[in-house]
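Undergrad: Here's a structure for you.
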Amino acid sequence: MDCIFCKIINGDIPSNKVYEDEFCLAFYDIAPQAPVHVIVVPKIHIPSANDITAENSKYISHIFECIPSIAEELGMAQAGYRLINNCGRDGGQTVEHLHFHILGGRTLGEGLI
Ligand code: 5GP
Ligand code: ZN
């Protein structure tokens, strides 16, 4: 499958990993938009938030269970951070493998866009 994030998961494309287990992988974004910018992906190809189902949602809940320890590892748990999912064209999604951005390392604006 021609999916950048599946290739990162498979090791075909190198990445700077932050956390990995059986169900998810977290790695630094190649074009960071904040001092700390990490992407978390499920280890199955789910194209977008529109494709979350009762069958695959355990991968998503697992990611959210991992986020506190990833944020702690990144040194952002106490100061805080922003979680973002871009969905589809209007949402600004450029990689069609569901992923969550963890952004922090400085005080971010209060707005969302
Ligand atoms: P989206 O715009 O789909 O929400 O986010 C895709 C993100 O993937 C972007 O922030 C982009 O910089 C990142 N990205 C795209 N290709 C690669 C890659 O090959 N390696 C890494 N580490 N990040 C990538
Ligand atoms: Zn994929």
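The values are calculated or read from the model by the stated rules, or taken from the named source; none is laboratory data. Keep in mind the model is a prediction, meaning the values are calculated, not measured. Backbone-built Cβ (ideal geometry, glycine too); neighbour counts: all protein chains shown. Just so you know, the surface numbers come from the protein's heavy atoms only, side chains and all, with ligands and any DNA or RNA stripped out. Shrake-Rupley method; radii C 1.70, N 1.55, O 1.52, S 1.80 Å.
Undergrad: Give me a comma-separated list of calculated 3J(HN,Hα) values for the range 99-106, in order, Karplus coefficients 6.51, -1.76, 1.60 applied at θ = phi - 60°, integers in Hz, x for any Gly or Pro.
TA: Values, residue by residue: 8, 10, 8, 10, 10, x, x, 7 Hz.
Undergrad: Ok, one more. Please state the charge dipole magnitude for the chain, taken about the Cα centre, from unit charges on C-beta atoms (+1 on K and R, -1 on D and E), reported in debye and rounded to the nearest 20.
TA: Numbers: 7 positive and 14 negative charges, 48 e Å.
That gives the chain a dipole magnitude of about 240 debye.
Undergrad: Sticking with this structure for a sec: Could you give the length gained on full extension between A31 and K43, defined as 0.36 nm per residue of separation minus the Cα-Cα distance, in nm?
TA: Values: separation 12, 0.36 × 12 = 4.32 nm, distance 2.15 nm.
Difference between extended and current length: 2.2 nm.
Undergrad: Dipole of the chain (Lys/Arg Cβ +1, Asp/Glu Cβ -1, origin at the Cα centre): which of T94, M1, F23 lies farthest to the positive side?
TA: Of T94, M1, F23, it is T94.
Undergrad: Name the long-range amide H neighbours of V95: under 5 Å, sequence gap of 5 or more, or other chain; modelled H, no Pro or chain starts.
TA: Close amide H contacts, sequence-distant or interchain: none at all.
Undergrad: Let me ask you something else. First select every other residue whose beta carbon is under 13 angstrom from the beta carbon of A71; then total the charges, Lys and Arg +1, Asp and Glu -1. Each step should come with its number before you reach the end.
TA: On the way: positive: R82; negative: E65, E72, E73.
Residues near A71 contribute -2 overall.
Undergrad: In the chain, which cysteines lack any other cysteine Cβ under 4.7 Å from their own?
TA: Cysteines lacking a close Cβ partner in the chain: C24, C66, C87.
Undergrad: If you add up the charges near I8, with Lys and Arg at +1 and Asp and Glu at -1, over every other residue whose beta carbon is less than 14 angstrom from its beta carbon, what do you get? Mind dumping the intermediate values first?
TA: Numbers: positive: K7, K17, K43; negative: D2, D12, E20, D29, E96.
The answer is -2.
Undergrad: Once neighbouring chains are kept in place and the probe is 1.4 Å, which whole percent of the accessible area of the chain is contributed by carbon and sulfur? Intermediate results must be reported in sequence, preceding the final value.
TA: Details: 3480 of 6890 Å².
Ligands and nucleic acids excluded, carbon and sulfur give 51 percent.
Undergrad: How large are Rg and Dmax for the range 1-71 when calculated on the C-alpha trace, in angstrom?
TA: 12.2, 35
Undergrad: Enter the accessible area per residue of the chain (Å², integer; probe 1.4 Å; all protein chains in place).
TA: Values: 6890 Å² over 113 residues.
Computed with neighbouring chains in place, this is 61 Å² per residue.
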